[in-house]
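What follows is a short report on a single structure.
Read-outs: derived from the displayed coordinates by stated rules, not from any lab. All values derive from a computational prediction rather than experimental measurement. Cβ sites come from the backbone with ideal geometry, for glycine too, and all protein chains shown count toward neighbours.
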Protein chains: 2
Amino acid sequence: MARGKLRIIPLGGVGEIGKNMTVLEYGNSIIVVDCGVMFPKENMPGIDLVIPDVTYLLEKKHKVKAFFITHGHEDHIGALPYVLPNFEVPVYATKLTRGLISVKLREHKLLDSTDLRAAEFNQPIDCGPFRIEYFRVAHSVPDAAGLGIRTPIGTVVHTGDFKIDLSPIDAKPTDIRSLARLGTEGVQILLADSTGVERPGYTPSESTVGRALDEYIRNAEGRVIVATFSSLIARIQQIVNISAKHGRKVAFMGRSMTQNSRMALDLGYLSDPGGVILPWERVAQLPAGQITVLTTGAQGEPSSGLSRMANRDHRQIQIRKGDTVILSAAAIPGNEELVARNIDNLFELGATVIYGPEAHVHVSGHPGREELKILTSIISPKYLIPVHGEARHLILHARMAESIGMPPGHVLVPQNGRVMEFTEDSARFDGRVPADNVFVDGLGVGDIGDIVLRDRRHLSQDGVVIAVLTVDRRSGRPAGPVELISRGFVDGSDEPIMDDARKQLVKSLQGIHSSAAAEPSYIQNRARDILQKFLYERTKRRPMVLGLVVEV
Amino acid sequence: MARGKLRIIPLGGVGEIGKNMTVLEYGNSIIVVDCGVMFPKENMPGIDLVIPDVTYLLEKKHKVKAFFITHGHEDHIGALPYVLPNFEVPVYATKLTRGLISVKLREHKLLDSTDLRAAEFNQPIDCGPFRIEYFRVAHSVPDAAGLGIRTPIGTVVHTGDFKIDLSPIDAKPTDIRSLARLGTEGVQILLADSTGVERPGYTPSESTVGRALDEYIRNAEGRVIVATFSSLIARIQQIVNISAKHGRKVAFMGRSMTQNSRMALDLGYLSDPGGVILPWERVAQLPAGQITVLTTGAQGEPSSGLSRMANRDHRQIQIRKGDTVILSAAAIPGNEELVARNIDNLFELGATVIYGPEAHVHVSGHPGREELKILTSIISPKYLIPVHGEARHLILHARMAESIGMPPGHVLVPQNGRVMEFTEDSARFDGRVPADNVFVDGLGVGDIGDIVLRDRRHLSQDGVVIAVLTVDRRSGRPAGPVELISRGFVDGSDEPIMDDARKQLVKSLQGIHSSAAAEPSYIQNRARDILQKFLYERTKRRPMVLGLVVEV
């Protein structure tokens, strides 16, 4: 019987728990599963990315043995360029995932210095006290994997992002047999993807999307323009096949769509048996009814291909009556407004737009509730940790597990930074490690904190008003006029209210200048208070007010 | 045959078209249908409300005869306090709508000066060349109406917001017979609610919600807390009835919920046959299984009842294990994140949370596609104007109408501010009138324009950096140190980068001070350019940079 303890710690993420990074620690060894980013929420203005807080890993740097990546989506690989330079350890991933990581590391000039290693399905990798086996799962990117991790206290299964799709387009379904084998051998801990737990039943197979796409593309008279995720190679393959079937050639638009499809073709994940994939220059010369365009922009990203088309700002494609635009994707929470604006604009340009759940041109990459029940039953873990979701998903997942017989004490609802400690026959929470949001903004990583964000939110609401007062160093008397400028508060600094505010300030400060207590910092604060009060009373707005005293 | 022309002009709204206000003009008479607000979009930070642009009405002030309000929702009545003071004309509305308008006018101290008049269903009101008949429609607020408007060039039917619900809770369904009568007499123009056109089939009846609510409330062991719209009296009635049936008393929480239910009780729109509606103080003393709370906050509004409960910030109610919280509403686009955060927090506090479409605890107040086909068939208008939606809704509605036989030239897809001109046998677009967004921010109405909003968005992204330089008026030489402050850019003004920026600025400006061209405005601009470039190179961020030269 193992005497050590296994510690599992989810790190990072905004709202979502256990998604971007999970730490497994036993004795003097740590392995890290995934290293992804989250996209900033509405209350994080100006932030580019949020990466996991690796303070704990840095403190135990000598213990960290390797990173194991489950699949190539941004929320699982995106933080590698920021985190890896701190750790000179290998990164394991399957083939296509390595391709996607390579593109990213090359951009950050880190490819040569990274020890990126091949993980093959069902070929265990030994790493200290851990033996890690990749098994295939179906997800919305090829070569996605779950991990079976043998540890001294028993086997841990981490599903990664997955669904049980037994008829995916690439004929590579979730490896139920490996799951069954692991379950038969006995699994101590299951970490399972909770993202889709709100959906009753089963997530439809990727192949069901083909039927709907076929109908729309067959009936389209003019050009067909499809926007989808550039890593969703199975979807791209279906659109290529359907286009070929109906006599259309296919051109790719947008940087990531062009890059990823090229890489997928090179690595053999995308095929073009009909030879229909051509550069836009050649496709452009065909009649409209023979043209399919695959583009980025399914999330309404402002500078993406589809958004430029919708805004009449695309160099190659002007949307016109007769075009059929298909949004083969669901809006990720937070992107709804951007996506809706594109749809409106495309309609106004005369296109037929196919979108939304009723169109059946998209399926999720995550399992529905019944799939999770099947998974739990096959694995029959001693302990369950729902991961990859917001609090509601994890709790619903936990209740679902309890409803099919898991003892409540054996389901641990995790939190980022909260340590879970396991032995062969026990599981408990054991304290916390740092797990703050680490913000990337421009070149800065982690240099922006809550004060800066609070100020940005304040500035966005009612703008800023700045008062500059010059004071004679010796006499403490005003040495020049009071200058007042504003941005985001009223149109132009010559509004009457700004003039009134200046007069009010001069008047209110008269007594102060002559007093002995006229320290610059005191005058500065008084000026701020006077202005804040005056402006609020006049406008019921609360701009950020800054007072600045310059001694001359 | 009438020789005049009828002009119909939709005004106002952000994205949504023909919803907040519609102008009908014939000869020397103008009537206005509705006078509502829109809520600001994400790209309008700090804005409280958006009201319609009434420039055109002000130019033709002498022509304006009356306002006709269809129902009491904010997007149809909310702009009255801002618009009415310019027009001394009567406002017509049905009984409950008048109640809701009165609350609003009283808050703005406008109730006494307003000529608020009763509109009775099916009792025509003459107004210049117009004869207006209110007919009842089912919608998510009682006493909602559509309008049949007889004009010299024929009858105009405006549905208002509606759905064809033939089993609503108040036993007051959409008045199909009046619609049939109007259709039989002949309708020239139909303006119809497009909001729900993306939904295939029929919108379920309000009564279907009762079955689901009954099951959840019957099975709840502890307290039941339901959040819904405070004007959705039929929903409130159902919850009161179901609570009574299962031995629960009902308390109201939140300002608008308390006010509206009180008014609905007073006016007879809400009944309490079981005597179960009680003040919270009395309900609080009951066992948990006998308590129902009806609260505001279904949209995640930060200071609402439910949000305070979710944030453990509510004075009366602390959410605990055993509580069942029901979100009997759908998130309005833009509110998804706020609503989801509340749900997560409620789960974490241990509540059972019932939410989302799968729970069947909410139905829309707008018609689905088949209902719109029925409406169009009953009315058989000569011309159709889809209204109340974003561009995609209107265009889908238009295509749907064409698919059931409307000639394309007879369907006019409107735009806010675009004039539609009708005679007995013609319809055409005829120019535009002003229809900008008019922003309400604090006490300011219309004083904020695009520059202020652009500055606010800029400030929110990377903050602001201000450089203050003092210059001797006579010599043009620096008269004091360069002061640099920032907000929302880096944590604290004592960061090394701020010091470096100051040094760079002093160095770069040295040559300039000694030159002849050292006008303050020139120095100001140079300082801004130098700083912008320096900060971008160092951080790849673009804060708003302000240079300010003070002459002493």
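Grab the Cα-Cα distance for B:I404 and B:K321, subtract it from 0.36 nm times how many residues apart they are, and report the gain in nm with one decimal. Provide the component values of the computation, followed by the final result.
Working: separation 83, 0.36 × 83 = 29.88 nm, distance 5.33 nm.
Residue separation times 0.36 nm, minus the Cα-Cα distance, leaves 24.6 nm.
Peptide B:446-456 is shielded by partner chain Cβ atoms: per residue, an average of 5 of them sit within 10 Å of its Cβ. Over chain B, all Cα pairs binned in 20 Å intervals from 0 give whole-percent P(r) values of 19, 42, 27, 11, 0, listed from short to long. Cross-link partners for A:K245 among the lysines, with Cα-Cα distance under 28 Å and sequence neighbours closer than 8 places in the same chain left out: A:K172, A:K321. Listed by Cβ neighbour count within 10 Å, with the fewest neighbours leading, A:H366, A:H458, B:H108 appear as B:H108, A:H458, A:H366. The eigenvalues of the Cα gyration tensor, multiplied by 5 and square-rooted, give the protein assembly as shown an equivalent ellipsoid with semi-axes of 48, 43, 33 Å from largest to smallest. Within 10 Å of the Cβ of each residue in A:334-346, the mean number of Cβ atoms contributed by other protein chains is 4.
If only the Cβ of Lys and Arg carry +1 and only the Cβ of Asp and Glu carry -1, the dipole of chain B around its Cα centre is close to 160 debye.
Would you mind ranking A:C127, A:C35 so that the residue whose beta carbon has the fewest other beta carbons within 10 Å leads the list? Before the final figure, lay out the partial values.
On the way: A:C127 19, A:C35 29.
With the fewest neighbours first, A:C127, A:C35 line up as A:C127, A:C35.
Report the FRET efficiency, 1/(1 + (r/R0)^6), for B:D115 and A:D500, where r is their Cβ-Cβ distance and R0 is 35 Å, rounded to 0.05.
0.45
Per-residue HN-Hα couplings for segment B:376-388, Karplus 6.51 cos²θ - 1.76 cosθ + 1.60 at θ = phi - 60°, whole Hz, x for Gly and Pro? These are the phi-based 3J(HN,Hα) values: 4, 5, 5, 7, 6, x, 6, 10, 10, 10, x, 9, 6 Hz.
Under 5 Å between amide hydrogens, built in the peptide plane, is the criterion, and for A:R432 it picks out A:V419 among residues at least 5 positions away or on other chains. Each of A:H108 and B:F429 was given a label point 7 Å from its Cα along the Cα-to-Cβ line. The distance between the two points is 4.9 nm. Annotation: lysines with alpha-carbon distance below 17 angstrom to B:K503 (same-chain offsets under eight excluded): B:K533. Inter-copy label distances for B:Q318: 6.7 nm (label point placed 7 Å from Cα along Cα→Cβ; shortest first). Spacing of the modelled spin labels on B:A288 and A:L443, each 7 Å from Cα toward Cβ, amounts to 5.6 nm. Its relative contact order, with pairs defined as Cα atoms under 8 Å and 6+ residues apart, puts segment A:319-435 at 18 percent. Once the Cα atoms are used to define both axes, helix A:520-539 deviates from the longest principal axis of chain A by about 80 degrees. Taking only the alpha-carbon positions of segment A:6-109 and ignoring solvent, what does the Debye formula give for the base-10 log of I(q)/I(0) at q = 0.18, 0.21, 0.24 Å⁻¹? Per q value, in the given order, log10 I(q)/I(0) is -0.84, -1.11, -1.37.
Determine the shape class of segment B:206-357: with a ≥ b ≥ c the square roots of the Cα gyration tensor eigenvalues, call it rounded for a/c under 1.5, and otherwise prolate if a/b is greater than b/c, oblate otherwise. Please list the in-between numbers first.
Numbers: a/c = 1.39, a/b = 1.23, b/c = 1.14.
It is rounded, given that a/c, with a ≥ b ≥ c, falls under 1.5.
Just check segment A:463-551 against the gyration tensor rule for me: Cα atoms, a ≥ b ≥ c as the square roots of the eigenvalues, rounded for a/c under 1.5, and otherwise prolate or oblate depending on whether a/b exceeds b/c.
Numbers: a/c = 2.11, a/b = 1.89, b/c = 1.11.
Prolate.
With a cut-off of 8 Å between alpha carbons and a minimum separation of six or more residues, what is the relative contact order of chain A in percent? Provide the component values of the computation, followed by the final result.
Values: 1173 pairs, mean separation 85.7, N = 552.
Relative contact order comes out at 16 percent.
Can you give the local net charge around B:V54? Use residues other than it whose beta-carbon is closer than 12 angstrom to its beta-carbon, Lys and Arg +1, Asp and Glu -1. Cβ neighbours under 12 Å give a net charge of -1. Annotation for A:E120, label-to-label distances across the other copies: 8.9 nm (shortest first, one decimal, point 7 Å from Cα along Cα→Cβ).
Loop-only check: which GluC sites (Glu not before Pro) in segment A:316-413 are DSSP coil with at most 14 other Cβ within 10 angstrom?
none
Partners of B:K61 within straight-line reach, counting aspartates and glutamates whose Cα lies under 13 Å from its Cα and excluding those fewer than 8 residues away in the same chain: B:E25, B:E88. With its label point put 7 Å out from Cα toward Cβ, B:R454 sits 3.2 nm from the same residue's point in the other copies, in order from shortest. The residue among A:L286, A:N43, A:V32 whose Cα reaches farthest toward the positive pole of the charge dipole of the protein assembly as shown, with charges on the beta-carbon of Lys, Arg, Asp and Glu, is A:N43.
For A:A138, the residues whose modelled amide H falls within less than 5 Å of its own, excluding neighbours fewer than 5 places apart on the same chain, are A:K163, A:D165, A:T174, A:D175.
The value of relative contact order for segment A:1-102, using C-alpha pairs under 8 Å at least six residues apart, is 24 percent.
Sequence-distant or interchain residues sharing an amide H contact under 5 Å with B:F68, placed H: which? Here the answer is B:V32, B:V33, B:D34, B:Y92, since their amide H atoms fall under 5 Å of that of B:F68.
Within 10 Å of the Cβ of each residue in B:173-186, the mean number of Cβ atoms contributed by other protein chains is 0. Here the mean projected area of the convex hull built on the C-alpha positions of segment A:124-172 is 3.7 nm².
Go ahead and estimate [θ] at 222 nm for the protein assembly as shown from helices alone: -39,500 (n - 2.57) per DSSP H run with n ≥ 4, summed, over the residue count, rounded to 500.
It comes out at -9500 deg cm²/dmol, rounded to the nearest 500.
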